[in-house]
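Below is one structure, written out as structure tokens, with a few remarks after it.
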Amino acid sequence: MPRMTADERREQLLAIASEEFALRGLHGTSAETIARRADISQPYLFRLYGTKKGLFVAAVKGAYRRIVEAFTQAADGLSGRESLFAMGNTYTELLKERTVLLIMLHGFAACDDADVREIVRTEFGMLWRTVERISGEPPEQVRRFLAMALLLNNAAALDVANLDEPWAAALLPQPATSVPNGQMPVPR
């Protein structure tokens with residue numbers, strides 16, 4: 001089997017670390033576990049990412065970049081409410097990738113660390129600006145769209161789609177095949 005390049009190893013390590021951080025967060029994940037899963041030494045892990053926190057930050061950035069890329073692709077050639085609807089539908093699919101969802105949530109949870117907080121602010125700001133630029137909608141509509149997305153993050157983490165409770169059913173928007181007339185499209 002050919003040796004991996006440093007870039008290939010870095011990608012592999014980031015994927016493994018993202019899975020581990022999604023399950024246990026920054027403070028609950030050990031560098032040793034990540035290195036063992038990647039079949040590398042801890043010193044090599046640190047040579048590639050500097051610190052465990054550096055690896056966590058890379059995972060957080062990767063999750064946000066995944067969302068931005070998906071939004072950009074989904075809304076290609078669209079604007080206004082139609083673009084929000086397309087991005088919302090795409091976001092619903094992304095929520096099924098629990099690693100992306102949980103990395104975002106663990107990023108928010110680790111914001112007591114000033115370095116992590118700064119990265120999460122930067123990445124969330126990039127997400128905001130992406131939705132604003134693509135849709136052309138005013139800040140109030142962008143705020144409503146992202147507020148719904150964050151509510152759906154929590155609903156997905158709680159797995160309310162599989163909960164037989166009236167409040168859970170009311171929480172999730174009903175599926176739609178087109179932009180609701182006069183309503184803000186929301187992720188489903």
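General observations
- Top-ranked residue in the range 1-59 [being of a type in the set (Ser, Thr, Tyr) and crowded, with 20+ Cβ neighbours inside 10 Å; ranked as farthest from the chain's Cα centre (by Cα)]: Tyr49
- Within the range 93-104, the set of residues being surrounded by 18 or more Cβ atoms within 10 Å (Cβ to Cβ) and either modelled with pLDDT of 95 or more or assigned to a helix (DSSP H, G or I) (or both) comprises Leu94, Thr99, Val100, Leu101, Leu102, Ile103, Met104.
- Arg121 modelled with pLDDT of 95 or more, surrounded by 12 or more Cβ atoms within 10 Å (Cβ to Cβ) and either in contact with a Leu (Cβ under 6 Å, 6 or more places away or on another chain) or of a type outside the set (A, V, I, L, M, F, W, C) (or both): no
- For the range 1-39, a residue qualifies if it is among the charged types (D, E, K, R) and under 21 Å from Leu95 (Cβ atoms), and the qualifying residues are Glu19, Glu20, Arg24.
- Residue match in the range 88-105 (condition: over 23 Å from Val160 (Cα atoms) and not aromatic (Phe, Trp, Tyr)): no
- Per the listing Glu82, Glu69, the residue uniquely over 25 Å from Gln12 (Cα atoms), open to solvent by 70 Å² or more (accessible area, probe 1.4 Å) and in a helix (DSSP H, G or I) is Glu82.
- Among the residues of this structure, Tyr64 counts as one that is buried (at least 21 other Cβ atoms within 10 Å of the Cβ), of a type in the set (Ser, Thr, Tyr) and under 13 Å from the mean Cα position of the chain (by Cα).
- The residue of the range 105-118 that is nearest to Gly28 (Cα to Cα), among those that are open to solvent by 10 Å² or more (accessible area, probe 1.4 Å) and of a type in the set (A, V, I, L, M, F, W, C), is Ala109.
The values are calculated or read from the model by the stated rules, or taken from the named source; none is laboratory data. In this text, all values refer to a predicted model and were calculated from it rather than measured experimentally. Counting neighbours? That spans all protein chains shown, and the Cβs are built from the backbone with ideal geometry, glycine included. Calculation scope for accessible area: heavy atoms of the full protein, side chains included, ligands and nucleic acids excluded. Shrake-Rupley method; radii C 1.70, N 1.55, O 1.52, S 1.80 Å.
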